[in-house]
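Below is one structure, written out as structure tokens; the observations come after it.
The values are calculated or read from the model by the stated rules, or taken from the named source; none is laboratory data. Just so you know, these numbers come straight off a predicted model, no measurement behind them. As a convention, Cβ positions derive from the backbone with ideal geometry for all residues, glycine included, and neighbour counts pool all protein chains shown. Calculation scope for accessible area: heavy atoms of the full protein, side chains included, ligands and nucleic acids excluded. Shrake-Rupley method; radii C 1.70, N 1.55, O 1.52, S 1.80 Å.
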Amino acid sequence: MSEQQPIFNVERIYLKDLSLEIPNAPQVYAERESPKIDINLHNEARALEAGVYEVVLTATVTAKLKDKTAFLVEVAQAGVFQIRNVPQQELDAVLGVTCGNILFPYLRESISNVVIRGGFPPFFMNHLSFEALYQQRLQQQQAGAPPVAS
């Protein structure tokens, strides 16, 4: 019996959730210093049916000026992927790395657009290595440490 070729298809990419908070408007617009930016990224996947998965890449970006929040943006960028004939031991890497790499540019664009629409200067997230994040998570699991959200 011959092995079947792996199948990987992007079925759909969509914006699952988007939130912008500017709790200190309009006073925050008078500030001239650059805010301190904190980015929290989380990637999760779930099976929808056999061989079909939803992957959601969520980023929370918080900009603070001293003790005040300038803005808080949360974006959940999602995709539905058909992944078949991939060995189970490789599936986690495909969901975490390959799907993350596909979703990230959409996530980055959504964040940039909403920050500009909120009246702030453009904000661009640097590219992330989902390969490095995946390897870090594997090392932490092997060391017995609690997993870090990737």
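Things to note:
- Here residue 147 meets each of (1) in a helix (DSSP H, G or I); (2) open to solvent by 80 Å² or more (accessible area, probe 1.4 Å); (3) modelled with pLDDT under 85; (4) not hydrophobic (A, V, I, L, M, F, W, C) with one exception, condition (1).
- Test: residue in region 124-131 that is over 30 Å from residue 30 (Cα atoms), part of a strand (DSSP E or B) and open to solvent by less than 30 Å² (accessible area, probe 1.4 Å): no
- When residues of region 93-120 are limited to those that are without any contact (Cβ under 8 Å) to a residue 24 or more places away in the chain and within 17 Å of residue 57 (Cβ to Cβ), the one most open to solvent (accessible area, probe 1.4 Å): 109
- Test: residue 42 is closer than 23 Å to residue 17 by Cα, assigned to a strand (DSSP E or B), at pLDDT below 95 and open to solvent by 30 Å² or more (accessible area, probe 1.4 Å): yes
- Residue 138 being at pLDDT below 90, part of a helix (DSSP H, G or I) and open to solvent by less than 90 Å² (accessible area, probe 1.4 Å): yes
- The set of residues in region 83-122 being in a loop (DSSP other than H, G, I, E, B) and polar (S, T, N, Q) consists of 85 alone.
Yes/no per residue for (1) at pLDDT below 95; (2) surrounded by 13 or more Cβ atoms within 10 Å (Cβ to Cβ); (3) out of contact with any Gly (no Cβ under 9 Å at 6 or more places or on another chain):
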residue: 23; (1), (2), (3): no, no, yes
residue: 34; (1), (2), (3): yes, no, yes
residue: 47; (1), (2), (3): no, no, yes
residue: 55; (1), (2), (3): no, yes, no
residue: 67; (1), (2), (3): yes, no, yes
residue: 74; (1), (2), (3): no, yes, yes
residue: 80; (1), (2), (3): no, yes, yes
residue: 87; (1), (2), (3): yes, no, yes
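- Out of 130, 123, 104, one residue alone is under 19 Å from residue 74 (Cα atoms), modelled with pLDDT under 95 and of a type in the set (A, V, I, L, M, F, W, C). It is 123.
- Filtered residues of region 26-56 (kept if of a type in the set (Gly, Ala, Ser) and either over 27 Å from residue 106 (Cα atoms) or touching a strand residue (DSSP E or B) at 6+ places or on another chain (Cβ under 6 Å) (or both)): 30, 45, 47, 51
- Scan region 34-92 for residues that are among the aliphatic types (A, V, I, L, M) and over 20 Å from the mean Cα position of the chain (by Cα) and the total you get is 4.
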